[in-house]
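The values are calculated or read from the model by the stated rules, or taken from the named source; none is laboratory data. From a predicted model like this one, the values you see are computed outputs, not experimental measurements. Counting neighbours? That spans all protein chains shown, and the Cβs are built from the backbone with ideal geometry, glycine included. Surface areas here come from the heavy atoms of the whole protein model, side chains and all, with no ligands, DNA or RNA. Shrake-Rupley method; radii C 1.70, N 1.55, O 1.52, S 1.80 Å.
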Amino acid sequence: MNIYHTTISSKLNDIMKFLTVFSVIFIPLTFIAGIYGTNFDVVPELHYKYSYFIMWGVIIVIAIGMLIYFRKKKWL
């Protein structure tokens, strides 16, 4: 019975680890997309010619940086 509970607990820990990594990667990206999705004209980046590509570059760098960090921590 103890081995069964240990196995179930280990599977639950793996699932929680995956969900944590998933949310930690996508919450900042959602925040950035939310800022650029507002209908305000006072966001200064909206008037730059390449602001859309800069936003995508920042999003990609954040996502890749977090993936590298989690690989170093051996979570992935």
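What is the helix-to-structure angle for 51-72, meaning the angle in degrees between its Cα long axis and the longest Cα principal axis of the chain, kept from 0 to 90 and rounded to the nearest 10? The answer is roughly 20 degrees. Taken along the Cα-to-beta-carbon direction at a fixed 7 Å, the label points for Lys49 and Val24 span 4.0 nm.
For the chain, the number of Lys pairs separated by eight or more positions or lying on different chains, with C-alpha atoms closer than 28 Å, is 6. The orientation-averaged projected area of the convex hull spanned by the Cα atoms of the chain comes to 6.5 nm².
Using only DSSP helix segments of four residues or longer, with each worth -39500 (n - 2.57), what per-residue ellipticity at 222 nm results for the chain after dividing by its residue count and rounding to 500?
-27000 deg cm²/dmol
In the context of the full set of protein chains, the chain has a per residue accessible area of 86 Å² (1.4 Å probe). To the nearest ten degrees, helix 2-36 and the longest principal axis of the Cα atoms of the chain are 0 degrees apart.
Considering every Cα-Cα pair within the stretch 1-40, what fraction, in whole percent, is farther apart than 14 Å? Looking at the stretch 1-40, the distances longer than 14 Å represent 64 percent of pairs. In a simple Cβ point-charge model (Lys, Arg +1; Asp, Glu -1; nothing else charged), the chain has a dipole of about 460 debye relative to its Cα centre.
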